[in-house]
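Report on the following structure.
The values are calculated or read from the model by the stated rules, or taken from the named source; none is laboratory data. Because the structure is predicted, anything quoted here is derived from the model rather than measured. Please note: Cβ atoms are built from the backbone with ideal geometry, for glycine as well, and neighbour counts cover all protein chains shown. Please note that ligands, DNA and RNA were not included when accessible areas were found on the heavy atoms of the full protein model with its side chains. Shrake-Rupley method; radii C 1.70, N 1.55, O 1.52, S 1.80 Å.
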Amino acid sequence: MLKKSLKNKTLIPKPPTVVILGHVDSGKTSLLDFIRQSNVASTESGGITQHIGAYQIKHQDKIINFIDTPGHEAFSAMRTRGAKVADIAILIVACDQGVKPQTKEALKAIREANIPFIVALNKIDVPGTFPQKTKKELSDCQVALEEFGGQVPLVEISAKNGQGVDSLLEMVNLITEIEDLTYDPSLPGQGIIIEAHLDPRRGPTITALINNGTLRSNDIIIAGNTYGKIKTMEDTNLKSIKLAAAQPVIITGLENVPAIGSNLKKVKTIAEARQITQQYQAIPKITQKINLNTEDSAQPIASDQTFNLILKVDVAGSQEAIEACLNNIPQQEINLNILRVLVGDINESDVKLAMATGAHIIGFRVKTDPPAQALANHQKIWIKTFQVIYELVEVIRKGMGQLLSPEIKEEILGQGRVIAIFKQEKNAIIFGAKIIQGKFLQGIKIKIWRNDEIIGQGRIKELQFEKKKVKELEKDKNAGIFLEGFNNVTKGDKIEAYQEIRKKREL
Ligand code: GDP
């Protein structure tokens, strides 16, 4: 590990920021919960932790900052970012479930972030589990566990009864000492936004991890593409504070809700903040078409192959998570065009945009304003809101699927041979044919074969048997056929009756 020099007097030790990663149900929430002695898990929708929050705890007089990253695969984007803002990761693996695809994703994120990590082997209280099996699976993923001569520490824990959690936190403290984390409190405050939402009372509200310098409660800050003078600054216990350094804080006072993962920094004046953020604001937000497929075909896309969407979300983190999921919907045939994606409830302006563009409105953990609902009802605008990202994405996938042209399959109904030509017209012909296989029906299509090649096709306008109109004729009968759409038929040609079966496709 790189040791940083402490010669510079302004550098002082910094508490670590720890991220807990692992697959859904591995016990991330329970562990954070146990550590914080509170209860977060019971309030989650669909059992998924949806937002990155941050918490500060003390273990043996040493402060540890925890980032609470969500575990569902929907959040891989945020997770990656979570790992990047962290100094140390805890990879949690439940020993009754073992290594899952999401465990591997988490490992990838940790490796990309290039930070040390500890494996927390959870649920050791569950009877009949085999911790050794999970350890072997981890080794198979190139996790060099200390126990097998590598450098990665593993602590067996139970997030349920707290067994081993002290040892885990001790291990965090040990790694912190080795890592020699420092920051410079004399610098202007700077940090990373790990949570952002529009609070109905307090306006744009962010959780930021201040990772260098000192932030003061009356500072002017830039946060992503927005700015403001800090109105309130609180620690993670929601206690008002005047100074923040090397810790997560909750801040209000910004003009807008910034994107998660963007940087925060103090500037001197509002004018400076405005000037710096102006370049971002020049980027139009509305009718911004996000290219979700990096390797899109260069073919132009017709408008009926576009699914227009207006997305309203509760917090910026959800937006990012949803966009990450939408990325997985194939778009070679149907283009997903997100006209607007904003934090906040669904309002009249959204409905008006939908009216003008034919877009669908989807909300995630937001409400629809009564006037917007009334307008939507009147104008028959489609609005749907969701609490769980997976369900939201599936509805979009299905909606896009409905725009797909159906798969057309040909089913051969019968075959025959032309035995006589009765009358040739401009774009039609009447001929006699013997049915060799299957059956022929009035109204269906036929293909004309000559020398093993299809030379044309048309539709049976009229079918006759012994000079009488019939609807259907079977094998071995001689048929009189009035074919429209093609007239180049001669004696000896083969004919094939077929019908098209349209099958709905899904994305
Ligand atoms: P997350 O999805 O990773 O946040 O997982 P949760 O913390 O929500 O835990 C998933 C389930 O496993 C819940 O029902 C927890 O009560 C249970 N659980 C978590 N940790 C333990 C543990 O150490 N022992 C046992 N027996 N159950 C656990």
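When only alpha carbons are used to place a centre, segment 129-150 and segment 413-442 end up 73 Å from one another. Counting 0.36 nm for each residue step from K160 to K384 and taking away their Cα separation leaves a gain of 76.9 nm. Taking Cα atoms, how many degrees apart are the long axis of helix 389-402 and the longest axis of the chain, rounded to 10 and kept between 0 and 90? Computed tilt is about 20 degrees. Charge dipole of the chain (Cα centre as origin; +1 on each Lys and Arg Cβ, -1 on each Asp and Glu Cβ, all else neutral): 1540 debye, rounded to the nearest 20. Under a crude label model (7 Å from the Cα following the beta-carbon direction), how far is T269 from V126 in nanometres? Distance between the two pseudo-spin positions: 6.1 nm. With a threshold of 31 Å on the Cα-Cα distance, the over-threshold entries among K409/K461; K398/K471; K467/K491; K14/K367; K426/K503; K28/K504 are K398/K471; K14/K367; K426/K503; K28/K504. Here the contact order of segment 190-279, divided by its residue count and restricted to Cα pairs under 8 Å and six or more residues apart, works out to 37 percent.
With θ taken as phi - 60° and the Karplus curve 6.51 cos²θ - 1.76 cosθ + 1.60 applied, the whole-hertz 3J(HN,Hα) list for segment 208-221 is 10, 9, 7, 10, 7, x, 10, 9, 10, 5, 10, 6, 9, 10 Hz, x standing for glycine and proline. Between the Cα long axis of helix 370-379 and the first principal axis of the chain there is an angle of about 10°, rounded to the nearest 10. Magnitude of the charge dipole for segment 306-401, about its Cα centre and with charges confined to Cβ atoms of Lys, Arg (+1) and Asp, Glu (-1), is about 220 debye. In this calculation the C-beta distance from K469 to K434 is compared with R0 = 25 Å, giving a FRET efficiency of 0.85. The angle between the Cα long axis of helix 348-357 and the main principal axis of the chain comes to about 30°, on a 0 to 90 degree scale.
Peptides 465-478, 329-342, 243-256 ordered by packing proxy, namely the average of other Cβ atoms within 10 Å per residue, highest first: 243-256, 329-342, 465-478. The residues of segment 190-279 have, on average, 45 Å² of accessible surface per residue, using a 1.4 Å probe with all protein chains present. Overall form of segment 408-503: rounded. Here a/c, set by the Cα gyration tensor axes a ≥ b ≥ c, is under 1.5. Packing, as the average of other Cβ atoms within 10 Å across residues, places the peptides 226-233, 385-392 in the order 226-233, 385-392, highest first. Taking 0.36 nm per residue of sequence separation and removing the Cα-Cα distance, the I63/N114 pair yields an extension gain of 16.1 nm. The phi torsions of segment 263-271, fed into the Karplus equation with coefficients 6.51, -1.76 and 1.60 and a -60° offset, translate into couplings of 8, 10, 8, 6, 10, 7, 10, 4, 4 Hz, rounded to whole numbers, with Gly and Pro shown as x. Could you tell me whether segment 306-401 comes out rounded, prolate or oblate from its Cα gyration tensor? Rule is a ≥ b ≥ c as square roots of the eigenvalues, rounded for a/c under 1.5, then prolate if a/b exceeds b/c, otherwise oblate. Cα axes put segment 306-401 in the oblate bin. Under 5 Å from the amide H of F386 lie the amide H atoms of G363, F364, R365, V366, each residue being 5 or more positions distant or on a separate chain, with H modelled from the backbone and absent for Pro and chain starts. With the simple model of a label 7 Å out from the Cα in the direction of the Cβ, A420 to E348 spans 7.7 nm.
Over the chain, the Kirkwood radius and the radius of gyration, each from Cα atoms, give a ratio Rg/Rh of 1.19.
Taking only protein heavy atoms and a 1.4 Å probe, the accessible area of the chain is 49% carbon and sulfur. Taking every DSSP beta bridge that has both ends in the chain, the antiparallel portion is near 70%.
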